[in-house]
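So the structure is just underneath, and the comments pick up after that.
The values are calculated or read from the model by the stated rules, or taken from the named source; none is laboratory data. All of these numbers come straight from a predicted model, not from anything done at the bench. Glycine gets a Cβ as well: all are built from the backbone with ideal geometry, and neighbour counts include every protein chain shown.
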């Protein structure tokens, strides 16, 4: 009897074992955004309003983490109809021909406390290149009283060169060589709320 009580006490007192879980990105509480320099001086922000995705998180072994995202390219918005129409045209994303932007993870590694670098294939404008998402602010699971599922939060950033993906349109501005309307460098910012799949 004493041995049984001791075993029960050890089990009750033992910390929870971390395990891998799959989460879905909640589009209502998430954002997929980007920013570029305009006229070499100002930062202009945009976002994609329609996207889906899954995230695998293994707290014990970040090498098992995975991210897969599917974005509707036509859902791009910069809060300006004329500019959005241009971005959807063949000059930029050519959404009629390339309706999807995707990210499919290939590997992951710990990148400091609470951070993971996830490398995968990013496809834009029909061109696929390896890109690393720096994922931070990975919260602990929170049991939501609303849907009785675990929720987590995370943010991810990356910087890409749009020329690498065939998004090449630009226009010179001013009289100085190299001054252009839109920077080649694009900063990506993803803020996601994740809901555990049951």
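Within this structure, residue 119 fails the test of being surrounded by 13 or more Cβ atoms within 10 Å (Cβ to Cβ), under 20 Å from residue 93 (Cα atoms), out of contact with any helix residue (DSSP H, G or I) (no Cβ under 7 Å at 6 or more places or on another chain) and touching a residue at least 12 places away in the same chain (Cβ under 8 Å). Scan the range 163-175 and tell me whether some residue there is farther than 17 Å from residue 47 by Cα, in a strand (DSSP E or B) and at pLDDT 95 or above. No: zero hits. When residues in the range 45-99 are screened for being surrounded by 15 or more Cβ atoms within 10 Å (Cβ to Cβ), in a loop (DSSP other than H, G, I, E, B) and within 17 Å of the chain's Cα centre (by Cα), 1 of them pass. Taking each residue of the range 29-42 that is closer than 11 Å to residue 188 by Cβ and looking for partners that are surrounded by fewer than 15 Cβ atoms within 10 Å (Cβ to Cβ) with beta-carbon atoms closer than 8 Å, six or more apart or interchain, yields 33/45; 34/45; 35/43; 35/45; 36/43; 36/185. Got at least one residue in the range 136-143 being within 18 Å of residue 31 (Cβ to Cβ), in contact (Cβ under 8 Å) with a residue 24 or more places away in the chain, under 21 Å from the mean Cα position of the chain (by Cα) and part of a loop (DSSP other than H, G, I, E, B)? Yes; the residues of the range 136-143 include at least one that is within 18 Å of residue 31 (Cβ to Cβ), in contact (Cβ under 8 Å) with a residue 24 or more places away in the chain, under 21 Å from the mean Cα position of the chain (by Cα) and part of a loop (DSSP other than H, G, I, E, B).
Just to be sure, is residue 148 in contact (Cβ under 8 Å) with a residue 12 or more places away in the chain and either loosely packed, with under 13 Cβ neighbours inside 10 Å or assigned to a strand (DSSP E or B) (or both)? Give the derivation first.
Numbers: in contact (Cβ under 8 Å) with a residue 12 or more places away in the chain: no; either loosely packed, with under 13 Cβ neighbours inside 10 Å or assigned to a strand (DSSP E or B) (or both): yes.
For residue 148, the condition - in contact (Cβ under 8 Å) with a residue 12 or more places away in the chain and either loosely packed, with under 13 Cβ neighbours inside 10 Å or assigned to a strand (DSSP E or B) (or both) - is not met.
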